[in-house]
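To start, the structure under review is shown below, and the notes come after it.
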Amino acid sequence: MSRAADQYGVVGHPVAHSLSPFIHGMFARETGEEMTYRLFDIAPADFREWTRDFFVQGGRGLSVTLPHKIAAADFAEDLTPRAVQAAAVNTLMARADGILGDNTDGAGLVRDLCDNLSLVITGRRILVIGAGGATRGVLGPLLGLAPAELVIANRTPERAATLAAAFEDLGELRGVGFEEVGGGPFDIVINATSASLSGEIPPIAPGAIGPQTVCYDLAYGKSATAFVEWAKRQGCARALQGLGMLVEQAAEAFRLWRGVRPGTAPVLAALRQRAASA
């Protein structure tokens, strides 16, 4: 009798929209790994008990999405250095000595920017819009590539300044209010807010965008185009959504779970084809 496939999944609330089962299904077929991957819609009040039961019953790993990333960091018995840095967990893994929490978001973003999009971070000026959990998750890997300057702009300047202070030992960065960005056009502008999902544009001065600027929205999908459309109107070089980051962070989680890193190009191509025909 063949052994039952290892159990994985994505836990969030809501989670029906998640592309993770499609992505990890393709990864499993590509690598020949015996595993199943399901959606789990779990309310915040039930997260800790449900997650404990999932692992007690033999579950091997979970992708964690909103609103559970902070709770997952508290649930894990051990954290990777990048999860400690991010103060949030998007990947849980069962080990013999307990549950490990990791954060693959920043690694996924950097791989998409550098490998898929052939962008250079080192020596460049980077603007990150927003000072929430998404920003915290990507700052470490971005600063690890030694940009000339990284500016965090937020509606509440104090929150941006506090976040910048928490990462000041990793590189040259500052946290400011939207009206204090200054300094002329940036090389890369990353929108780490959820504003584009509701059609809003953070009040960044158009001068932050120049003809060489690449604009990147961590959000993706047909309902998250406001920032991309605004950036194009400002005359940027390229305006992109975060689908590549989604796939790359998933591949990093898959490597953690299974010990093999799947190729991402076929999955990205399949997702873009799906989006185009939707």
TODO: Report whether or not Ala107 is closer than 29 Å to Thr213 by Cα and either touching a Lys or Arg at 6+ places or on another chain (Cβ under 8 Å) or touching a residue at least 60 places away in the same chain (Cβ under 8 Å) (or both).
DONE: yes
Task: Residues of the stretch 226-244 satisfying the condition of being within 21 Å of Phe22 (Cβ to Cβ) and either in contact with a Pro (Cβ under 8 Å, 6 or more places away or on another chain) or without any contact (Cβ under 8 Å) to a residue 60 or more places away in the chain (or both) - done: Gln241, Leu243
TODO: Would you mind finding the one in Ala153, Ala166, Ala131 that is crowded, with 17+ Cβ neighbours inside 10 Å, without any contact (Cβ under 8 Å) to a residue 60 or more places away in the chain and within 21 Å of Val84 (Cβ to Cβ)?
DONE: Ala131
TODO: Given the conditions (1) closer than 17 Å to Ile99 by Cβ; (2) touching a His at 6+ places or on another chain (Cβ under 6 Å), report the number of the one that Val10 does not fulfil.
DONE: (2)
TODO: State yes or no: is Ala205 among the small types (Gly, Ala, Ser), out of contact with any helix residue (DSSP H, G or I) (no Cβ under 9 Å at 6 or more places or on another chain), more than 29 Å from Asp102 (Cα to Cα) and in the same structural domain as Arg111 (by TED's automatic domain parsing)?
DONE: no
Open item on the list: It is to be established whether one or more residues within the stretch 154-176 are closer than 21 Å to Leu19 by Cβ, aliphatic (A, V, I, L, M) and in contact with a Gly (Cβ under 6 Å, 6 or more places away or on another chain).
Closed with: no
Task: Any hit, the stretch 33-42, residues being under 14 Å from Arg258 (Cα atoms) and surrounded by fewer than 18 Cβ atoms within 10 Å (Cβ to Cβ) - done: yes
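One line per residue, one yes/no per condition, for (1) of a type outside the set (D, E, K, R); (2) more than 30 Å from Tyr8 (Cβ to Cβ):
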residue	(1), (2)
Ala86	yes, no
Arg95	no, no
Val110	yes, no
Asp115	no, no
Gly144	yes, no
Ile152	yes, yes
Glu179	no, yes
Ile190	yes, no
Open item on the list: Given the criteria farther than 22 Å from Arg255 by Cβ and crowded, with 20+ Cβ neighbours inside 10 Å, does Phe47 qualify?
Closed with: yes
Open item on the list: Looking for something in the same structural domain as Gly182 (by TED's automatic domain parsing) and basic (Lys, Arg) - is there at least one such residue anywhere in the stretch 246-268?
Closed with: no
Task: helices (runs of 4 or more DSSP H) within the stretch 192-278 that include 2 or more residues of a type in the set (Phe, Trp, Tyr) - done: 226-233, 243-258
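The values are calculated or read from the model by the stated rules, or taken from the named source; none is laboratory data. What you see is a predicted model; the values in this text were computed from it and never measured. So basically every Cβ, Gly included, is an ideal-geometry build from the backbone, and we count neighbours across all protein chains shown.
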